[in-house]
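For reference, the structure is listed below as structure tokens.
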Amino acid sequence: TFFGVKLGDVNGSVKTNATSANAEPRTANKVSLQAIDKSVKAGELVDIPVRANNFKEVFGYQFTLNAKDGELVSVKSGVIQVEEIHAIIANKLTMAFASQEAMTVADGEVLFTVVMKANEATKVSEMMTMTSDVRRAEVYMTSEMNVGQIELTYRSEAEQTESILLYQNEPNPFK
């Protein structure tokens, strides 16, 4: 006899019958987690801040981050307190977050930071990918607990710095 336990069943959608053909309804709701893609050197310890994008009325999420060409070292809290909602097992980071209140986070705010050690010279985007290997990648949004998509995307360093550049006024009115 086999018994299975689903961890992180935030919205009570667990199916106990593995032969069930019922498809779970999905909505157009989508949350993107964004990180800056940059080059790293072999042996470098790198902090990868994961930022919010369209993180509106979120009651919870779950996903798996797979590490490749690097070793997952730790996860640091940002807006989301991660101490008890994540696990690193076999170089996979599983995370399940749930809140009793809807959470809205401004675009660009750091949700959490992943710390990795690069095994070889590579880019951050090649070191970490979001999957449904251990926990299905999904987000629970709005008071109806609609199940939506969650994804990890990367922006280039140039895109990040471009938005915060300050140029000198020409001509300078204070001279």
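Number of residues in the range 73-92 that are aliphatic (A, V, I, L, M), touching a strand residue (DSSP E or B) at 6+ places or on another chain (Cβ under 6 Å) and either more than 23 Å from Val105 (Cβ to Cβ) or assigned to a loop (DSSP other than H, G, I, E, B) (or both): the value is 6. Just to be sure before I move on: is Val115 within 19 Å of Tyr154 (Cβ to Cβ) and assigned to a strand (DSSP E or B) in the structure I sent? In short, yes. Taking the criterion of being under 24 Å from Val147 (Cβ atoms) and acidic (Asp, Glu), the residues of the range 78-124 that qualify are Glu84, Glu101, Asp107, Glu109. When the range 104-116 is filtered for residues that are crowded, with 16+ Cβ neighbours inside 10 Å and over 20 Å from Leu45 (Cβ atoms), the ones remaining, listed by number, are Val105, Leu111. Selection of the range 74-111 for residues being among the hydroxyl-bearing types (Ser, Thr, Tyr) and within 23 Å of Val134 (Cβ to Cβ) yields Ser74, Ser77, Thr94, Ser99. Taking the range 26-50 as the range and being touching a Ser or Thr at 6+ places or on another chain (Cβ under 9 Å), assigned to a strand (DSSP E or B) and open to solvent by 10 Å² or more (accessible area, probe 1.4 Å) as the test, the residues that pass are Ser32, Gln34, Ile36, Asp37, Ser39, Asp47, Pro49. Scanning the range 90-101 for residues that are touching a Phe, Trp or Tyr at 6+ places or on another chain (Cβ under 6 Å) and surrounded by fewer than 15 Cβ atoms within 10 Å (Cβ to Cβ) yields a total of 1. Screening the range 121-161 for residues that are farther than 28 Å from Val40 by Cα and surrounded by fewer than 16 Cβ atoms within 10 Å (Cβ to Cβ) and picking the one that is modelled with the lowest pLDDT gives Ser143. In the range 51-85, the qualifying residues are those that are within 13 Å of the chain's Cα centre (by Cα) and basic (Lys, Arg), and the one that is surrounded by the most Cβ atoms within 10 Å (Cβ to Cβ) is Arg51.
The values are calculated or read from the model by the stated rules, or taken from the named source; none is laboratory data. Not measured: the values here are computed from a predicted model. Cβ: placed from backbone, ideal geometry, glycine included. Neighbour counts: every protein chain shown. When the accessible area is computed, the model is the full protein with side chains, heavy atoms only, and any ligands, DNA or RNA have been set aside. Shrake-Rupley method; radii C 1.70, N 1.55, O 1.52, S 1.80 Å.
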